[in-house]
Structures are given as C-alpha cells and as structure tokens.
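Notes follow the structure.
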C-alpha cells in the first residue's frame with residue numbers, strides 16, 4: 001500500500017476480517033499510517049477500534065487480511081520494537097507495589113527478558129518522565145497518582161525506548177478535562193518532535209486541533225473523515241488553541 | 001550444646017526456603033495468583049503418596065508431580081481462561097483425593113504423612129539440606145537473571161507482549177519455579193503451608209516499602225527471618241515448627257498492616 005508520494009506506511013492493515021464468537025467486528029478493513037501522522041481512530045463502544053489496533057500490532061490474528069509494521073508482519077515481535085503502546089485500562093490499584101520510575105523502567109524491557117535494569121535504563125527513565133512533566137513523581141507509588149497522571153506515566157513508559165510510533169488505546173477515558181488538555185499538549189509536542197501517533201477514542205476531544213488524520217470505524221467498516229469537516233466542528237476550539245497543526 | 005549447634009541444618013534450610021519462596025511469591029501475588037502455590041501443593045501431595053507406595057524418594061516425587069501439575073495448570077489457564085476456575089478446582093481436589101486413596105492403598109495414611117503435609121524441619125538430613133540449598137539458590141538466581149522480563153510481565157502483561165517479551169515462556173517459567181518452591185519447602189513447612197511462605201512475607205513487605213524491587217528483597221528477608229525465628233520459638237515453646245513459622249508471619253503481617261493504616265491516617269491528617 002503506497003501513500004504520500006510512494007513512501008511505505010509504517011503501519012498498515014489490508015482487507016482485515018476479524019470475528020469473535022458473537023460475530024464479525026472488522027469486515028475487510030484497510031488502514032495505513034504514514035510517518036509523521038497524528039491520526040485518531042474513532043468509534044462507538046464495541047465498534048472494534050481496540051480490536052483493529054490489536055490486529056495492527058500483531059496481538060490478535062485476523063481471520064483474513066494482513067497487518068504490517070515497519071515493513072514486517074505485525075506478528076513478528078521485531079516489528080513492534082519501534083512501537084510504544086499505551087493500553088486501555090482502568091486506574092491502577094494503589095496496592096500495586098511499584099514506583100512510577102519502575103513502571104516507566106519496564107518500557108526498557110524489549111525482546112530479551114534477561115538481566116536487570118542498568119544505568120542507561122535509569123537515565124532514559126528520567127528523561128521520559130521529564131518529557132511528560134512528571135519527573136518529580138518518580139519515587140511515588142503508581143497507584144497513588146490521579147488517573148490523568150497515571151496516563152502520562154504510561155506514555156512515559158511508551159516513550160522510554162524512543163519509539164517511532166506511539167499507539168494509544170482510549171488514553172483519556174475517565175480522565176478529567178484539565179488533564180485531557182495537558183495530555184493533548186504532550187501528544188502535540190511529541191508529534192512535533194517526530195513521533196507518529198495513532199490514538200483510539202470515542203471523540204476527537206482536545207487533540208482535535210493537532211490531528212493530521214481522522215478515521216472512523218462503524219459496523220465493521222472504516223471511513224476517512226475529511227480534516228476540514230472535523231476542523232469545522234471544532235472551530236471554536238481551534239481558535240482558542242492556535243498552536244494546533246493546520 | 002546451643003540451639004544453633006543442635007539445629008543449624010534446620011535453621012539454614014528454613015532460611016533458604018524462607019528467602020526463596022517470597023521471591024517467587026512477589027510475582028505470583030502481583031498476578032493475582034496467590035492461591036496457586038496451595039493448588040500445586042495439592043498436586044505434590046499426590047506425588048508423595050505414590051512415592052510412599054512405591055518406596056521412592058518423596059522429595060523427588062513431590063518435585064516431579066509439582067512440575068507436571070504446574071505445566072498442566074499453565075496449559076489449562078492458557079487454553080480456556082473462562083473455564084480455568086472450575087478446571088483448577090477439579091485439578092486440585094482430584095489430586096488431593098487421589099493422594100489420600102493412594103496413601104491408603106500403600107498403607108501410609110498415618111501419622112508419618114503429617115510430616116509431608118506440615119513439614120519436619122528439625123529432623124532434616126544433610127542430603128535434604130544440600131538439595132534444598134541448591135534449589136533455593138537456583139530459584140533466587142533465575143529470579144535475578146530474568147528480573148527484567150518478570151517484572152515487566154508482572155506489572156503489565158499486555159504491554160510486555162507488545163514489546164516482544166516472551167510472555168508465555170516467562171509465565172510458564174514462573175509456574176515451574178512455583179512448583180520447585182513447593183518441593184523445596186516440603187520438608188521445612190510442609191506442602192499445606194509452603195504457599196503461606198510465598199504470600200505472607202510479600203504482603204508484609206508491601207505494607208512497609210514502596211517499590212517492586214524493595215518488596216522482593218524485603219519479602220525474602222522477612223521470609224528468612226520468620227523461618228529462623230519460628231524454628232527458635234518452636235524449640236523454646238516445644239510447638240510445631242511449621243505452624244510456628246507461619247504464625248510468626250501472620251503476626252508480622254498484622255503488625256505491618258497496622259503500621260500501614262497508621263501511616264495512612266497520619267498522611268491524611270497532615271493533608272487535612
């Protein structure tokens with residue numbers, strides 16, 4: 001699949017069909033994400049957004065169709081090495097015995113499970129926490145943080161290995177408005193620094209002004225929504241946030 | 001002769017098991033599998049019953065059955081997670097029932113079996129001590145050598161899969177280490193109480209330290225401390241060592257929980 005002047009997309013799914021026991025959720029879906037994109041995948045609950053992302057990341061095997069990451073089949077673990085992933089989740093329990101720094105540090109565990117974390121891993125962790133503005137919380141237990149702070153910590157974990165592609169599955173679910181805005185600005189800065197972003201959400205929300213692509217999943221099919229249409233709908237918001245991408 | 005001169009082998013064996021069991025328990029508890037050690041212990045009991053019937057080494061048989069049980073349990077959990085609960089119950093109760101039947105057939109359903117169920121640390125032999133020490137060092141070594149992967153999977157399994165970690169192999173390895181821990185702990189606290197030594201020190205450590213690594217190290221130190229103190233108290237009070245060891249851990253947990261609640265109240269008071 002070639003887009004944007006013949007460049008190979010860094011993430012692509014082609015004619016993907018996926019079904020659970022209850023029925024088909026993806027019905028011949030194709031999607032390609034290019035380097036530099038800040039794309040959002042919209043859809044209602046149960047529309048198959050998370051399923052599509054998991055197929056794209058090689059975590060689920062489709063009935064038919066293909067998924068590629070960085071030119072390799074997504075099921076190949078090497079294909080996921082340049083990917084940072086922020087999963088959909090509820091708040092982490094305060095009983096989880098791990099500090100913020102430890103959670104971020106686990107993002108440095110790629111491929112091989114052997115060994116302990118070293119000085120370079122700890123330095124990368126400190127840098128990732130600074131990038132999301134939460135370096136001062138490094139020693140706190142992850143469960144003691146607010147939902148918004150936890151999501152930014154999970155982004156730091158995804159960033160700690162300098163990914164080329166950041167995939168976020170409903171990262172602001174249950175997060176207050178103020179935190180969502182800070183979160184959107186963090187993503188804008190990351191995208192501006194060269195990180196490609198694919199985010200799954202119910203609605204565009206505060207990231208609207210910064211998006212370069214909007215796609216929506218409905219009844220197993222994917223539609224590209226013109227950016228102009230989205231911008232019209234969030235016009236007031238864009239005027240309030242002139243720093244957004246145009 | 002002093003207590004240590006009389007029972008140094010028991011103390012060393014207790015400390016080895018006390019340190020090794022929570023090092024596995026730290027990961028098992030985090031994965032919400034606290035009772036898995038108990039279940040594998042039931043399977044090991046069936047192995048011991050067969051060993052007594054066939055007159056082979058109970059420790060070797062317990063280890064073999066525990067490892068096979070761990071492999072079976074892991075396969076069952078992976079194949080049908082929704083049915084895992086009932087499947088595990090069948091596995092565990094079927095094993096202990098089989099153990100009782102085989103023990104009765106072999107004529108070993110007597111007081112001697114209590115030593116397997118609840119440990120006999122004061123009568124440990126040199127050969128058993130060497131086996132326990134080697135296996136405990138092996139368990140601690142594997143945990144240290146694969147800490148990077150184990151902690152990543154324990155904190156967030158889905159994210160670990162995305163990063164290309166061999167999550168299935170790490171989970172299977174953890175089950176095998178759990179099985180080894182059951183075998184190692186059999187002579188010290190017995191098949192029915194070894195799970196307590198995997199879980200309780202972790203609960204204590206979680207109440208007093210903040211990080212995962214500190215939880216692991218502190219839990220191992222607490223486990224070893226409870227084992228040594230429990231053996232000494234059992235000697236002085238003439239009580240059952242295994243029960244005394246576990247009761248020490250239960251008491252330490254209650255104290256640590258009171259400490260945690262007091263610390264939380266203090267923090268809330270300061271914030272108000």
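Descriptive notes on the structure:
- Ranked A:18, B:4, criterion: other C-beta atoms within 10 Å, fewest first: B:4, A:18
- The label-point distance for residue A:203 and residue B:57, in a model that sets each label 7 Å from Cα toward Cβ, rounds to 6.8 nm.
- DSSP beta bridge pairing in the protein assembly as shown, given as percent antiparallel to the nearest 5: 55
- Taking label points 7 Å from Cα along the Cα-to-Cβ direction, residue A:35 and residue B:105 give a separation of 6.8 nm.
- Ellipticity at 222 nm from helices only: DSSP H runs of n ≥ 4 in chain A, each -39500 (n - 2.57), divided by the residue count, give -8000 deg cm²/dmol.
- Rounded to the nearest 500, the helix-only mean residue ellipticity at 222 nm of chain B stands at -28000 deg cm²/dmol, with each DSSP H run of n ≥ 4 adding -39,500 (n - 2.57).
- Label reach from residue B:122 (point 7 Å along Cα→C-beta): in segment B:15-53, amide nitrogens under 20 Å belong to B:15-18.
- Spin-label pair residue A:126/residue B:83, simplified geometry with 7 Å Cα→Cβ offset, distance in nm: 5.3
- Alpha-carbon centroid distance for the pair segment B:1-16 / segment A:184-204, whole angstrom: 61
- Centre-to-centre, using Cα atoms only, segment B:75-151 and segment B:252-272 are separated by 36 Å.
- The simple Förster model, with R0 at 60 Å and r as the Cβ-Cβ distance, assigns residue B:76 and residue A:229 a FRET efficiency of 0.75.
- The simple Förster model, with R0 at 45 Å and r as the Cβ-Cβ distance, assigns residue B:221 and residue A:24 a FRET efficiency of 0.25.
None of the figures in this text is laboratory data; all of them are computed from the coordinates on show. Remember, predicted model here, so these are calculated numbers, not experimental data. Virtual Cβ from ideal backbone geometry, glycine too; neighbours counted across all protein chains shown.
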